[in-house]
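Here the structure comes first, spelled out in structure tokens, and everything after it is commentary.
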Amino acid sequence: MRSAEVLDCHVLVIGSGGAGVRAAIEASGYGETILVSKTLAGKGGCTTMAEGGYNAVLREEDSCGIHFEDTMKGGAYLNDPELVSILVAEAPQRINDLLAWGAVFDVTDSCDVAQRPFGGQTFPRTCYAGDRTGHEMMMTLIERLASTNVEIENEVTALDLVREGERVVGALCLDGKGEVMVIRADATVLATGGGTQIYDISTNSSSGTGDGFAIGYRAGAELIDMEMVQFHPTGAVYPYDARGRLITEAVRGEGGILRNAAGERFMSRYDPERMELSTRDVVSRAIATEILEGRGTPHGGVFLDVTHLPRQQVEEKLPVMLEQFLKFGVDIREEPMEVAPTAHHVMGGLRITPDAGTTVPGLFACGEVTGGVHGANRLGGNALADTQVFGKRAGESAGRSPRRDSCIDPKAIEAQEERLAAFLDGQVPPSTVIRSLKTAMWEGAGIFRTEAGLNKTLGVISHLSSLRLLARTRENLAECCTAQNMLLSASLVVRGAILRKESRGAHMRKDVVQTWDARNSPYGHTYQSLDRSGIETAVRS
Amino acid sequence: MKKIHVRVSRYDPEGDARPHYQNYVVEVNEGARVLHVLQAIHDEIDPTLSFRYCCGAGQCGSCAVRINGVPGLACMEEARDDMTVEPLDLPVKKDLVVDLLPYLNTLPRIQPGGEAFVPDREKVELIKPLRSCIECLCCVSVCPAMDVTRFDGPAAMRQEQRLALDPRDRKDRVTEAVSRGLFACTSCQACWKVCPKDIEIPGKAIEKLRALANRKGLTLPRHQEVARFIRESGRSIVRTGPTFLEDAPEVIEPDGPVRATVGFFVGCMYNGRLPATARDAMEVLKRNGIRVIIPREQVCCGSPLIRTGQIDFIDTLKKRNIDAFVFRNIDTVLTMCAGCGSTLKNDYRTPFRVMDINEVLTKFGIEAPARLPIRVTYHDPCHLLRGQGIRDEPRELITQVADLVEMPSVCCGSGGGVRSGMPDVASALGENRRKEIEKTGAEIVVSSCPFCEFHLSEHTDRPVRNVTSLLLEGYREKDRKKAEQQVQG
Ligand SMILES: Cc1cc2nc3c(=O)[nH]c(=O)nc-3n(C[C@H](O)[C@H](O)[C@H](O)COP(=O)(O)OP(=O)(O)OC[C@H]3O[C@@H](n4cnc5c(N)ncnc54)[C@H](O)[C@@H]3O)c2cc1C
Ligand code: SF4
Ligand code: SF4
Ligand code: FES
């Protein structure tokens, strides 16, 4: 065994999306900070892809109380109220940080940050930079990061956390060449984002493979509500290989209209009051039902139409959409888009305290890898706010952690090397396993679920997990680890879905007849860790 | 499903001395992008193929490659049969993966004062187009000036201008941009044309920074001299002999029936330095039924001022030129200088149509010239190819007279005020052209821009001709043969 490179730091941040970079910026004020990113920092993850916007209470007519209520209602009251209070209270301060660091959000004529309406919100409070809001945030954060002394390890994949006793003391990673890298840290922040790449149709970037769920779980952290996967109502259906690509909610926010193949504005049958701007779970199920019942378009979607809007509005407010569709041969100023639901966001994740601490000492988490903030269904615009609010908190908490004399157990490195070595004489390419997983998840753990379907999916996952993954060269090792992380994340989603015998928010169990609505549900979070799993039966107010 | 044949550049620094091509055949779905072809190769044929991607939706700038020689995003460009995929022309790490970090780390970063506020709407609207950059570095990979001098390149200049516009930034970005090579840009527009976000760096960043530099008195002395001269004489070229306009009639009637009437915008170079070439063009037009009106009072189009950021005198020039043609009720203005044409089309708002001579001749069709027994190569003028999107027309004309050997379309160095302001840079770029010209083995270099023609002639031992001069030679040869036949007959 070659001796692995060892780095040492006060805070280790894993992930360079909005949450990770925000955490690293904050942590750098407390001591030496290393940021590890599977991709080039700033280019990976879903933050840079976020289009629609960032929710923050900025106007007098609006209030944190209303934002809180919208968020809880949207989340089918499964959200952790304390985390939501923090989210709504601090989102405005965190957008101010971004503005102080040079972010260029759209502004009104009176020089205020402009806001647009978004689904499930009673006040137009979604701040935006055209339809490239996440990109604007990421550019700002990366610029800010460059002025700190955070050491960035680009294109390095975190494999596993290392513990000393109860406590997380760092991580094992793989560099671009497939060599193991060891990082010791006083505190570690997990900010690896979500994981809807476990589904056949997904909006996520290539790094949305749920690595953090798996890494956290293996290190003993508890995850909650993993069954809560948001299916965004509007994903692209053509070209086939780019299916699932997000059509931002801003399209409906700007006035886009949904129609089935017969030309009917079908939302009037599902939510006559909120229509297209209903919450995502409702709109997704409406579209899925239209398609299932044979009222879909030739490419298997429904129509989303902005042709009635002034051309200039489309050009100014939806430039990325316009450009993407033009590339694919559709001028959305003149013809409708075709859309269908796509796996978008994992609401569940590592259980955190208000200070972003996980259930494992020494480990903090922020962003999409955590659970509790968004409950059973996330409101559009709340995730970007989440990355900043809890990114800062995680960075601060990690930074404040005491310095300690810890060391990485050589046995952990050895075990990891053995795991990797096995891939080098494995049998099945990871891409084959991933393809089968994605299909199984879409079919058995998608928008509509039943216990039988979920159990069948779990069977497929456990079969796939038993296959011996093959890496042709050391450079392919990371793909094998990712495939295993996807399998583990998928099993957490399915197990959570089996545990939750009710329909709530994004989780729809067709085989359960229930007598309660979300507010009166007898259930709380599902939870899963190495030690225990179950569903909380909290008495709710 | 459809079959795609693809040639991919492979290179592993551990083992390969140099990159080589590997051919693959894969099946992909209708509408598949280049990225999906690469994924299919990776998943089904060879997992050792390395390429970078992340968002799959044109938003992260990870996946830029060269597709059939042209930089673009693998996740957005449609896969075509028989395509070649190569890494960007940047240091290659492996296969299609290039090292973006050395450049990205040089990008200027904001130094904010600390208060949280948003710039006003007008500022935001100016910054936004520059802000959509995804740092894919397609632009940097094609910038010719960066190859020959210390110039930080288009993506950095974009960022300098974005910062210069932002009231929150506290640094003097204009002076910084100058020290980072602002005046080395030839305004060749290569960066803009490959930018997947269509960011007009030369016009929206570089020229704007040069204008700000002008206000700070940082304009290069040679550029100031040119500006002074234009202000005094209406011309950017010192008179060294009789000019085209001094000798030309007000109207040139064609030989045969009139097929079209155009007003001729001569431009300073053809007027003052290469009048013989302009006269050749007039001969060709005359022979092809184009009636030409030549207003004497026309002046410099202002391009040398706009490109160098000296814009306070521009409106006067524009008005004088527009009036000169409007006064004569001209609805089509013909340019033969690529720079003037691009300026009239892109920087003016004209009440008349502007057409380059190559467009006019191919639109109306020309009398066939005789074929000359020579091989020529064609140098695309930046302001014709990219400034006006004219690529096929000159080729259509040239191939009627001679055999054409292509060479890559790269700036010769004569534009953007670089020839006058930074002669070393212009000359180094010219020398790069010399090598390409030699590779073609052509006997003559043809172009369609006086700046290119003049500059190239100093950087090649072959004769440099304008497209119309070449046509005229073809006509003369035709006439000579005809005369010979008549003598013999
Ligand atoms: C297309 C799209 C549009 C969206 N639009 C909006 C919107 O308009 N408003 C809104 O509020 N939310 C939106 N969301 C959701 C929101 O963008 C995400 O929830 C949020 O950005 C997640 O941020 P993050 O920092 O937690 O993770 P990410 O931004 O996903 O970043 C994760 C980072 O972790 C790294 N990483 C992952 N695994 C590893 C590993 N093993 N080792 C090392 N590094 C690793 C990745 O490289 C990446 O840098 C959108 C999501 C998508 C996909
Ligand atoms: S216009 Fe040409 S020289 Fe100037 S920055 Fe762009 S590519 Fe470089
Ligand atoms: S300016 Fe355009 S081509 Fe250059 S890095 Fe930015 S997005 Fe890419
Ligand atoms: S993969 Fe992100 S731009 Fe192509």
Confirm whether B:Gly15 is at the interface with chain A (Cβ under 8 Å from one of its Cβ atoms) and not in a helix (DSSP H, G or I). no
Practice task
Determine whether B:Val70 is more than 12 Å from every other protein chain (Cβ to nearest Cβ) and within 12 Å of ligand 4 (Cβ to nearest atom).
Solution key: no
Within the range B:451-489, residues in contact with a Phe, Trp or Tyr (Cβ under 9 Å, 6 or more places away or on another chain) and in a helix (DSSP H, G or I) come out as B:Val467
Going through the range B:172-205 in order, the residues found to be of a type outside the set (Lys, Arg), within 14 Å of another protein chain (Cβ to nearest Cβ) and either within 16 Å of ligand 1 (Cβ to nearest atom) or touching a residue at least 40 places away in the same chain (Cβ under 8 Å) (or both) are B:Cys195, B:Pro196, B:Ile199
If we keep only residues of the range A:31-59 that are charged (D, E, K, R) and modelled with pLDDT under 95, then the residue surrounded by the fewest Cβ atoms within 10 Å (Cβ to Cβ) is A:Glu51
The helices (runs of 4 or more DSSP H) lying wholly within the range A:243-337 that contain at least 2 residues that are within 16 Å of ligand 1 (Cβ to nearest atom) are A:250-253, A:280-292, A:319-327
When (1) surrounded by fewer than 19 Cβ atoms within 10 Å (Cβ to Cβ); (2) within 8 Å of chain A (Cβ to nearest Cβ); (3) without any contact (Cβ under 8 Å) to a residue 24 or more places away in the chain; (4) of a type outside the set (A, V, I, L, M, F, W, C) are applied to B:Gln111, the one that fails is (3)
* To do: Using the structure shown, decide if A:Thr71 is surrounded by fewer than 16 Cβ atoms within 10 Å (Cβ to Cβ) and either in contact (Cβ under 8 Å) with a residue 60 or more places away in the chain or within 14 Å of chain B (Cβ to nearest Cβ) (or both).
  => no
Only one of (1) more than 22 Å from A:Ala129 (Cβ to Cβ); (2) at the interface with another protein chain (Cβ under 8 Å from one of its Cβ atoms); (3) touching a strand residue (DSSP E or B) at 6+ places or on another chain (Cβ under 9 Å) does not apply to B:Pro47, and that is (3)
Checked B:Met146, B:Met157 against criteria (out of contact with any strand residue (DSSP E or B) (no Cβ under 6 Å at 6 or more places or on another chain), without any contact (Cβ under 8 Å) to a residue 40 or more places away in the chain and either closer than 16 Å to B:Val194 by Cβ or within 16 Å of ligand 4 (Cβ to nearest atom) (or both)); the one match is B:Met146
Every listed condition ((1) within 14 Å of chain B (Cβ to nearest Cβ); (2) within 24 Å of the chain's Cα centre (by Cα)) holds for A:His299 save (2)
Among helices (runs of 4 or more DSSP H) entirely within the range B:272-380, at least 3 residues that are surrounded by fewer than 22 Cβ atoms within 10 Å (Cβ to Cβ) occur in B:275-287, B:314-326, B:357-364
Exactly one of B:Gly31, B:Gly72, B:Gly58, B:Gly114 is outside any strand (DSSP E or B) and within 16 Å of ligand 3 (Cβ to nearest atom), and that one is B:Gly58
Checked pairs for the range A:79-108, first in a loop (DSSP other than H, G, I, E, B), second aromatic (Phe, Trp, Tyr), C-beta under 6 Å and 6 or more apart or across chains, list as A:Asp106/A:Tyr128
Pairs returned, first residue in the range A:337-365 that is in contact (Cβ under 8 Å) with a residue 24 or more places away in the chain, second residue that is of a type in the set (Asp, Glu) and buried (at least 24 other Cβ atoms within 10 Å of the Cβ), beta-carbon separation under 8 angstrom, 6 or more apart or interchain, are A:His345/A:Glu368; A:Val346/A:Glu368; A:Met347/A:Asp225; A:Gly348/A:Asp225; A:Gly348/A:Glu227; A:Gly349/A:Asp225; A:Gly349/A:Glu368; A:Gly362/A:Asp186
Considering the range B:34-44, residues that are closer than 19 Å to A:Leu326 by Cα and either more than 7 Å from every other protein chain (Cβ to nearest Cβ) or not in a helix (DSSP H, G or I) (or both), and then whichever is farthest from ligand 4 (Cβ to nearest atom), we arrive at B:Val34
Flagged in the range B:51-67 as touching a residue at least 12 places away in the same chain (Cβ under 8 Å) and at the interface with another protein chain (Cβ under 7 Å from one of its Cβ atoms), in numbering order, are B:Tyr53, B:Cys55, B:Gly56, B:Ala57, B:Gly58, B:Gln59, B:Cys60, B:Gly61, B:Ser62
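The values are calculated or read from the model by the stated rules, or taken from the named source; none is laboratory data. Computed from a prediction, not measured in an experiment: that's the story for all the values here. All Cβ positions, glycine included, derive from the backbone under ideal geometry; neighbour counts span all protein chains shown.
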